[in-house]
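Below you'll find the structure, written out as structure tokens, and then a few comments.
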Amino acid sequence: MSATGTTEKVANTILDTLIHAGIKPIIKKVAEAADVQLYDFDLVFLGAPSYSFQPPEPVQKFIKAKMKLHMERGDIKPGCPVLPGKTAVVFCTYSGPHTGIAEATPAGDYMGQFFEHLGFSVAAKWYTVGEFKGHEDLSTQGRLGDIRGRPNVKDLAEIESNVSTLLKSIQSR
Ligand SMILES: Cc1cc2nc3c(=O)[nH]c(=O)nc-3n(C[C@H](O)[C@H](O)[C@H](O)COP(=O)(O)O)c2cc1C
């Protein structure tokens with residue numbers, strides 16, 4: 001989910017980079033993803049903004065529903081063995097006005113744990129700074145300084161580069 005478009009911008013950058021690399025990805029908002037069978041895919045990205053250092057409620061709801069389904073199906077096994085060929089990446093946007101990136105890592109870890117429980121290898125957790133839209137004080141006086149206009153071209157180029165590096169590492173396996 002993306003209330004002010006920042007996480008969506010990162011998601012679209014990931015999407016465009018994958019398409020450019022010749023992959024045919026599908027993109028869904030969590031609200032529309034209840035029926036997605038995660039095990040049908042070899043590479044899954046899940047992104048969210050950090051809200052009070054957690055994924056927002058719709059994302060947590062999605063994760064909890066999937067956890068319940070996969071527990072019931074017996075997919076989540078003691079020790080969570082890693083399934084060969086199943087890779088996940090989580091990405092999180094945040095403004096960090098109080099304690100910086102420490103406000104985002106618990107949200108990234110939460111989403112990462114979800115995939116590890118399913119047996120996916122979590123190849124990366126990407127954190128991108130996003131302006132706290134509608135709150136000038138939190139976009140200028142926080143620990144990260146003036147973050148208006150973020151993510152900027154450089155932030156999105158970093159995402160592009162991360163995707164390219166990830167694909168190379170998957171393809172060389
Ligand atoms: C209700 C709410 C709570 C937020 N809590 C945090 C937070 O705890 N830490 C943080 O770094 N940013 C926080 N933010 C800022 C957002 O994570 C950040 O601006 C994000 O990039 C917005 O992404 P979006 O446009 O995709 O929703 C919060 C924003 C909102 C609206």
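Look at the dipole of region 118-173 built from charges on Cβ: of ALA123, VAL163, SER139, the Cα furthest out on the positive end belongs to ALA123. To the nearest 0.05, how large is the calculated FRET efficiency for GLN113 and LYS28 if R₀ is 25 Å and r is the Cβ-Cβ distance? My answer for the efficiency is 0.75. Sorting 140-146, 11-17 by their mean Cβ neighbour count within 10 Å, with the most densely packed peptide first, gives 11-17, 140-146. Shown here for region 1-81: trypsin sites (Lys or Arg not before Pro) in loop regions (DSSP other than H, G, I, E, B) with at most 15 other Cβ atoms within 10 Å, namely LYS28, LYS29, ARG73. Relative to the current alpha-carbon distance between LYS64 and GLU136, full extension at 0.36 nm per residue lengthens the span by 22.6 nm. Under the rule a/c < 1.5 gives rounded, and otherwise a/b versus b/c splits prolate from oblate, where does region 45-149 land using the Cα gyration tensor? Since a/c reaches 1.5 and a/b is larger than b/c, the shape of region 45-149 is classed as prolate. First check a/c for region 117-173, with a ≥ b ≥ c the square roots of the eigenvalues of its C-alpha gyration tensor; if it is under 1.5, answer rounded, and if not, answer prolate when a/b is larger than b/c or oblate otherwise. Prolate is the answer for region 117-173, as a/c is 1.5 or above and a/b outweighs b/c. Considering only ILE76, GLY112, ILE26, and ranking their Cα positions along the charge dipole of the chain that arises from unit charges at the beta-carbon of Lys, Arg, Asp and Glu, the one farthest toward the positive end is ILE76.
When the square roots of the Cα gyration tensor eigenvalues are ordered a ≥ b ≥ c, the ratio a/c for region 100-147 is 1.5 or more and a/b exceeds b/c, which makes its shape prolate.
Values in this text are rule-based calculations from the coordinates and carry no lab data. Just so you know, these numbers come straight off a predicted model, no measurement behind them. Note that each Cβ is placed from the backbone with ideal geometry, even for glycine, and that neighbours are counted across all protein chains shown.
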